[in-house]
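Colleague: Handing you a structure now.
The values are calculated or read from the model by the stated rules, or taken from the named source; none is laboratory data. All values derive from a computational prediction rather than experimental measurement. Here the Cβ positions follow ideal geometry from the backbone for every residue, glycine too, while neighbour counts run over all protein chains shown. These area figures cover heavy atoms from the full protein model, side chains too; ligands, DNA and RNA do not enter into them. Shrake-Rupley method; radii C 1.70, N 1.55, O 1.52, S 1.80 Å.
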Amino acid sequence: MGRVRNCPGDECCLVAKLRARHPQPPRASSELVHGGAVPRPSFLVTENTMREAEKTASRRRLLKMFGGVGALAALDACGVPVLESDGGVGGGGGSSTGGGSATGGGTATGGGIAAGGGGGSSTAWATQGTSILSAADYGNPFASGVGSTCNVYRSSTEGPCHAPSLVRRDVSEGYVGVPMRLELIIVNAQCQVVPNATVEIWMCDTQGVYSGNIDGNNDSFCTGGSATAAAALWGRGIQTAGADGRVTFDANFPGWYSGRATHIHFKVSVGSTAYVTSQLFFDESLKTDIYSSVSPYVAPSGNGYVLNANDNVVSQASLTLSDVVCSHARQSDGALLAWKAITVNA
C-alpha cells in the first residue's frame, strides 16, 4: 500500500492506512474475558473509530521512533507517562537447533528438524484461526534432538507491552488468522532438556495491536487506546514444560506494526528463577508470503515495515539472526508449524 496523496505527515498516512483495512473478519467464537464477552475491535470508519485510529497512529509513530530503545519514557498530550524498562543484554549468543532434515512431508526452512506431521506442504495458507489446530498432530520437531551446539539465548528488552497473562495453550481467543503451532524446547548449554521450565509469550494480533491492561498506564501506547483491546488477552499465554522441556502454543501468526520487525516476546523461568527475557523472529520470505496474500494481514507496504536485519532490538541486543529466527514448515492443512530451541544457563 503506497502513501496517501496530499498527506501532511506520517500520522495522517497511518490513520488512512487503518481506514483502508476494512472491518475485521468475524471472530470464530465468543470468549469470556474479565467476566464478559469481548467483541473484536474493528476499524470501521465512524467518528469514534477515527478518534481511535488517530490514537493508534500516534502509538505506531512512537513505536517507530522508540521501538528498540531501553529505558524509554514518553508522555502523551495529557501528560500520561509511557515507560519501558530495559530488559538488559546477557548470555553469549542465540539458541541453535541442529540438523536440517525434514520428515513426514513438511517443508522446513530456517534450520532445525521438521516433523511435518501434517502429511505434506499445502499450496495455500489456512485462514480460519486456531480451530484447525485443536485436533491436529504435526509431530515433534525436536524428535531427533537439537544438535550438539547450544548457545545461550541472548536477552533483549521486555518492551512496554507486557501484561498479566493466563495459563493456556491457545492464545487466539477465537479470532481468525493464519493458524500457527509454536513449539519451543528449553535446553541448557550442554543441549540437555530443562524440565519444568515455564514459558510466557506475548505478541500482537494480525493487525499489529496488543491486548491487555498493561500496568494500567500503557494501554494507549500498545492497544491504540481501544478499551476492547485493553480488556482482552489475545496473544498472551503461559505453559510449563514437563520432563521433555517442551511447551506448545496455538496462536494466529502475528502481524506487524511500524518500526519493528515481526516478533514474539517470551520469558523463561524455572521455579522462582528467571533465566531469559527475549524475542523470537521469523523468516523474511514467510512474512512476505503471509502478509501479501492473506486477509486480515497488512501487506508490507514500506510505511514503517522493518526487516529483521534493520530491527532496533536485534541490533541493540546484538542478536544473531540465525540464532533467533524460528524454523517453520507449512502443513498439508495450511497451518504453520514454527519451532525453536531456547538455551538457558540452567
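Colleague: Where the accessible area of the stretch 212-251 is counted over protein heavy atoms with a 1.4 Å probe, how much of it, in %, is carbon and sulfur?
Modeller: Percent of accessible area from carbon and sulfur atoms in the stretch 212-251: 46.
Colleague: Here is a further query. So what is the diffusion coefficient of the stretch 229-286 in µm² per second by Stokes-Einstein at 20 °C and 1.002 mPa s, using a Kirkwood Rh over Cα pairs?
Modeller: In µm²/s, the coefficient is 154.
Colleague: What is the ratio of the Cα radius of gyration of the stretch 276-330 to 2.2 N^0.38 Å, where N is its residue count, to two decimals? Mind showing how you got there, number by number?
Modeller: Working: Rg = 12.3 Å, N = 55, 2.2 N^0.38 = 10.1 Å.
Expressed relative to 2.2 N^0.38 Å, the Cα Rg reads 1.22.
Colleague: Any number yet on Rg/Rh for the stretch 136-251, C-alpha, Kirkwood?
Modeller: 1.02
Colleague: To continue, here is another question. Whenever you get a sec, compute what percent of the accessible area on the stretch 254-294 sits on carbon and sulfur atoms (1.4 Å probe).
Modeller: Working: 530 of 1140 Å².
On the stretch 254-294, the fraction of accessible area on carbon and sulfur atoms equals 46 percent.
Colleague: Label points 7 Å out from Cα along the Cβ direction at S301 and L166: separation in nm?
Modeller: Those two pseudo-labels are separated by 3.2 nm.
Colleague: Another question, then. Can you divide the C-alpha Rg of the stretch 208-344 by 2.2 N^0.38 Å and report the result to two decimal places? Please report the intermediate quantities before stating the final value.
Modeller: Working: Rg = 15.9 Å, N = 137, 2.2 N^0.38 = 14.3 Å.
In units of the 2.2 N^0.38 Å rule of thumb, it is 1.11.
Colleague: Shifting gears a bit: Tell me, what is the per residue accessible area of the stretch 137-196 in Å², probe radius 1.4 Å?
Modeller: For the stretch 137-196, the solvent-accessible area averages 36 Å² per residue.
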